[in-house]
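Visitor: Below you will find the structure I want to go over with you.
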């Protein structure tokens, strides 16, 4: 049997993560809005800037449905912020790439968010933030390794 204290602490952590996710969505919409984007578009721009991403892979990274990411990807392409390129590894799943305009939009949002990130992280050390990130990644790995019954 597992550690009951860890189990109870995990329940509180999950509640805090959901609360934080709501705050981050609200802040993300406000920050992205300064560049005429939404938080969802900002997230996909950010993921696509990291390398070779297909829509299904980006959806897995973001923890949302492929259809939701496809809808946003289509809008980014329509607005000239991204393009779909042939994927040599998978003919039917193109790679999502940012255009110069997409990189500019992402850069503008990132610049605006820098001051916000500095204010949010005030009083925390880089080591504390990195440790929190490592704990969250461990919980994420555990959740992926042990899906709920029927999941």
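Visitor: Using only the alpha-carbon atoms, how far is helix 126-145 inclined from the longest principal axis of the chain? Give it as 0 to 90 degrees, nearest 10.
Guide: 90
Visitor: Follow-up. Compute the acute angle (0 to 90°) between the alpha-carbon long axis of helix 66-78 and the principal axis of greatest extent of the alpha-carbon atoms of the chain; round to the nearest 10°.
Guide: Tilt of helix 66-78: around 40 degrees.
Visitor: Angle, helix 39-48 long axis vs. longest principal axis of the chain, Cα atoms, 0 to 90°, nearest 10?
Guide: Once rounded, the angle reads 80 degrees.
Visitor: Follow-up. Taking the square root of 5 times each eigenvalue of the Cα gyration tensor, what semi-axes in Å does the equivalent ellipsoid of the chain have, largest first?
Guide: In descending order, the three semi-axes are 30, 22, 13 Å.
Visitor: When each pair of different Cα atoms in the stretch 90-151 is counted once in the 1/r mean, what is the Kirkwood radius in angstroms, to one decimal?
Guide: Here the Kirkwood hydrodynamic radius works out to 15.7 Å.
Visitor: Now, a different point. Sort out for me the Cα centre separation of the stretch 127-150 from the stretch 49-108, rounded to whole Å.
Guide: Cα centres, the stretch 127-150 to the stretch 49-108: 26 Å.
Visitor: Sort 128-141, 43-56, 19-32, 66-79 by packing, meaning the average of other beta carbons within 10 Å per residue, with the highest value first.
Guide: Descending mean neighbour count gives 43-56, 66-79, 19-32, 128-141.
Visitor: Further question on the same structure: Compute the relative contact order of the chain as a whole-number percentage, counting only Cα pairs closer than 8 Å that sit 6 or more residues apart in sequence.
Guide: Value for the chain: 18 percent.
Where a number appears in this text, it was derived from the coordinates with a stated rule and is not lab data. Here the structure is a predicted model, which is why all the values come from computation and not from measurement. For neighbour counting, all protein chains shown are included, and Cβ atoms are generated from backbone atoms with ideal geometry for every residue, glycine included.
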